[in-house]
1. Is there any pair with a first residue in the stretch 190-203 that is part of a helix (DSSP H, G or I) and a second that is within 9 Å of the ligand (Cβ to nearest atom) whose Cβ atoms are under 7 Å apart and which are 6 or more apart or on different chains, and what are they?
2. Could you check the stretch 183-238 and list, in sequence order, the residues that are within 16 Å of the ligand (Cβ to nearest atom), β-branched (Val, Ile, Thr) and farther than 19 Å from Gln127 by Cα?
3. In the stretch 57-108, what count of residues is obtained for those that are of a type outside the set (D, E, K, R) and within 15 Å of the ligand (Cβ to nearest atom)?
4. Would you say Ser137 is touching a strand residue (DSSP E or B) at 6+ places or on another chain (Cβ under 6 Å), part of a helix (DSSP H, G or I), among the small types (Gly, Ala, Ser) and away from the ligand (no atom under 16 Å from the Cβ)?
5. List the number of the failed condition for Ala143; all other conditions in (1) within 16 Å of the ligand (Cβ to nearest atom); (2) surrounded by fewer than 18 Cβ atoms within 10 Å (Cβ to Cβ); (3) assigned by TED's automatic domain parsing to the domain that holds Ile219 hold.
6. Does at least one position in the stretch 155-176 carry a residue that is of a type in the set (S, T, N, Q), at pLDDT 95 or above and in a loop (DSSP other than H, G, I, E, B)?
7. What number of residues within the stretch 146-174 are touching a helix residue (DSSP H, G or I) at 6+ places or on another chain (Cβ under 9 Å), in contact (Cβ under 8 Å) with a residue 60 or more places away in the chain and either among the hydroxyl-bearing types (Ser, Thr, Tyr) or outside the structural domain of Leu190 (by TED's automatic domain parsing) (or both)?
8. Give the stretch 83-102 a look and list any residue that's surrounded by 15 or more Cβ atoms within 10 Å (Cβ to Cβ), under 26 Å from the mean Cα position of the chain (by Cα) and aliphatic (A, V, I, L, M), or say none.
Amino acid sequence: MNDAVSTLTLSDARDDFGVAGRPDCVRRPMPSANVDERYVLSELPWDAGALAPYCSREMIVLHHDLHHGAHVDRANRALQQLDSARRRRDWLTVTQLETDLAVNLSEHALHTILWTNLAPPTGAQPQGTLRAALDNSFGSVDAFREQFMTVATAMRSGGWVTVAWDPYGRRLVIEPILDRHSIAICNTHLLLVCDVWEHAYSLQYGKARNEWLEAFWEIVDWRNVESRLIAQLSVFVLEPYTAPLFGCAAGT
Ligand SMILES: [Fe+2]
């Protein structure tokens, strides 16, 4: 067990984020259910050519503007149609549209996390709290990378490979999302996501997913991943169903 995680408490997280104790992303109000509100395709946090040579400008533009943008459009369309179907009390259509919304909103969320997980290459490796959590959960950063790569390479169709924080066991877990069927532990929180649909890499790497995965590793912004982890360490968990592993009860 690594002390950096075993002794980390809510008060430590408060020190990282100031008096309010939460980063901006946690402090934002709940999204409104107002049907007039629309999901928005966010701007990339860096210039589209900034990830070269690992991701070409053309590949990023295609991925963000076309593929991610299409999911945002479809999610908004489903939202609008849901409102209309509910007014008609057409529950069969509502059921189908809820599925459409789930698929496209999930893709919107995953892509939005992806862009913030990436940054121009610096050669940096996981440090601090994230490094401690990786060591605790997987044995070492190298073992984590090996497992992550194996899961991502073995997926026969497209999907996502994600790393999430399990607030009950207080450990990191790797959760594949296979062809939109998530093998995820409910109520875990995504920290790192890798898109292994072909549209994410084929323009530059053809069918060589392993080359994309090697490139992905070079452009992960580990500080972003660590910030997401630290934010989760300060989240109060209702009704934990297991004893805390690292000597700090959830929310204490
Ligand atoms: Fe994608």
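The values are calculated or read from the model by the stated rules, or taken from the named source; none is laboratory data. Bear in mind the structure is a predicted one, so any value in this text is a computation, not a measurement. Glycine also receives a Cβ, built like all others from the backbone with ideal geometry; neighbour counts cover every protein chain displayed.
1. Listed by first residue and then by second, the contacts come to Glu198/Gly158; His199/His63; His199/His67; Ala200/His63.
2. Across the stretch 183-238, the qualifying residue is only Val196.
3. Matching residues across the stretch 57-108 total 19.
4. yes
5. (1)
6. Narrowing the stretch 155-176 to residues of a type in the set (S, T, N, Q): 157, 162.
With the extra rule that they be at pLDDT 95 or above, the set shrinks to 162.
From the residues that got through so far, the ones that are in a loop (DSSP other than H, G, I, E, B) too are none.
No, there is no match, as no residue in the stretch 155-176 is of a type in the set (S, T, N, Q), at pLDDT 95 or above and in a loop (DSSP other than H, G, I, E, B).
7. Of the residues in that region, 1 qualify.
8. If the condition is that a residue be surrounded by 15 or more Cβ atoms within 10 Å (Cβ to Cβ), under 26 Å from the mean Cα position of the chain (by Cα) and aliphatic (A, V, I, L, M), then Leu97, Leu101 are the ones that fit.
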